[in-house]
Amino acid sequence: MLNLKDIHKTYTADGVSSEVLKGVSIDVSEGEFVSIVGKSGSGKSTMMNIMSTLLEPDSGSIFFKGRELTQASSAEINSVRRNDISVIFQAYHLFPYLTAAENVLLPFMQGFAPIGKALREEAFEVLSRVGLSGKENRLPVKLSGGEQQRVAIARALIKKPSVLFADEPTGSLDSKTGNAIIDLLRELNAAGLAVVMVTHSPEYAKAGHTIVSMEDGLVSGIEKNAG
Ligand SMILES: Nc1ncnc2c1ncn2[C@@H]1O[C@H](COP(=O)(O)OP(=O)(O)O)[C@@H](O)[C@H]1O
Ligand SMILES: [Mg+2]
């Protein structure tokens with residue numbers, strides 16, 4: 001479904017260039033769960049941001065469902081980004097003055113137009129899927145860290161993406177709460193959603209069908225998880 005080939009990326013800051021990705025190839029099949037592990041600074045987030053179309057590579061190719069995004073028009077890339085791809089991060093990036101349901105509906109807000117009933121019901125439905133029934137009208141400050149990450153996941157799900165990218169989604173959580181988030185990601189994956197997750201934890205990485213190790217801008221190993 002998603003195939004990245006020989007991706008290179010160099011950052012230049014204050015006149016100093018450093019090659020952060022030195023020819024990375026990663027494939028994600030339909031419905032697959034891929035974990036990416038590696039030391040801090042090895043290029044995991046950069047690779048993830050390129051996979052999710054947030055960042056353009058210097059060279060290499062990206063194919064999404066057979067279409068070469070590295071040759072596609074902005075409109076085509078926008079359409080993939082809008083319809084097929086969702087992203088969550090270590091920080092939940094919720095708006096503090098919007099309720100859980102309003103945060104989930106944020107991608108659908110258009111000017112001052114009120115949100116329709118069907119969409120509101122859908123927000124409640126995805127919030128119940130992530131275990132937040134009854135908490136739809138709470139502000140983020142009234143939710144725990146794990147619950148805030150669940151809101152971010154619900155917001156990622158409402159557009160029915162085919163792949164969810166998660167960059168250290170448990171990075172701010174204690175291990176019990178982190179485990180529950182990993183369980184939720186596994187559940188969503190079992191229901192058909194492809195998941196690509198960066199994690200520091202070898203334990204969490206085992207949730208993946210495939211574990212890709214990165215080292216100094218290169219893939220140093222690909223392990224298939226027998227289950
Ligand atoms: N926007 C940027 N400008 C300059 N250097 C960056 C930028 N983003 C990341 N880097 C550097 O690139 C390297 C890889 O970063 P990153 O992809 O975030 O690694 P990881 O997620 O594995 O910790 C690091 O040395 C980091 O400092
Ligand atoms: Mg990172």
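The values are calculated or read from the model by the stated rules, or taken from the named source; none is laboratory data. Because the structure is predicted, anything quoted here is derived from the model rather than measured. Neighbour counts run over all protein chains shown; Cβ positions are idealised from the backbone, glycine included.
Applying the selection to the stretch 168-187, what residues are modelled with pLDDT under 95, crowded, with 19+ Cβ neighbours inside 10 Å and not in a loop (DSSP other than H, G, I, E, B)? Hits for the stretch 168-187 are G178, I181. Report yes if some residue within the stretch 36-45 is away from ligand 1 (no atom under 16 Å from the Cβ) and surrounded by 13 or more Cβ atoms within 10 Å (Cβ to Cβ); otherwise report no. So far as the stretch 36-45 goes, no, none of its residues is away from ligand 1 (no atom under 16 Å from the Cβ) and surrounded by 13 or more Cβ atoms within 10 Å (Cβ to Cβ). Residues of the stretch 179-203 that are within 15 Å of ligand 1 (Cβ to nearest atom) and either within 20 Å of S52 (Cα to Cα) or within 16 Å of the chain's Cα centre (by Cα) (or both): V196, M197, V198, T199, H200. Residue count for the stretch 201-227, restricted to those that are of a type outside the set (D, E, K, R) and either assigned to a strand (DSSP E or B) or touching an Asp or Glu at 6+ places or on another chain (Cβ under 7 Å) (or both): 12. Of the residues making up the stretch 155-167, just one is surrounded by fewer than 22 Cβ atoms within 10 Å (Cβ to Cβ) and within 16 Å of ligand 2 (Cβ to nearest atom), namely D167.
Restricting the search to helices (runs of 4 or more DSSP H) fully inside the stretch 1-105 and requiring at least 3 residues that are under 20 Å from the mean Cα position of the chain (by Cα) and more than 30 Å from R138 (Cβ to Cβ) gives 44-51, 74-83. Of all the listed residues (A91, A113, A101), the sole one being small (G, A, S) and in contact (Cβ under 8 Å) with a residue 40 or more places away in the chain is A91. Within the stretch 13-27, residues that are on the phi > 0 side of the Ramachandran plot and in contact (Cβ under 8 Å) with a residue 24 or more places away in the chain reach partners that are of a type in the set (A, V, I, L, M) and assigned to a strand (DSSP E or B) with beta carbons closer than 8 Å, at six or more positions or on different chains, in the pairs G23/I7; G23/L218. How many residues, within the stretch 34-77, are within 15 Å of ligand 2 (Cβ to nearest atom), under 22 Å from P202 (Cα atoms) and of a type in the set (A, V, I, L, M, F, W, C)? Total satisfying the criteria: 5.
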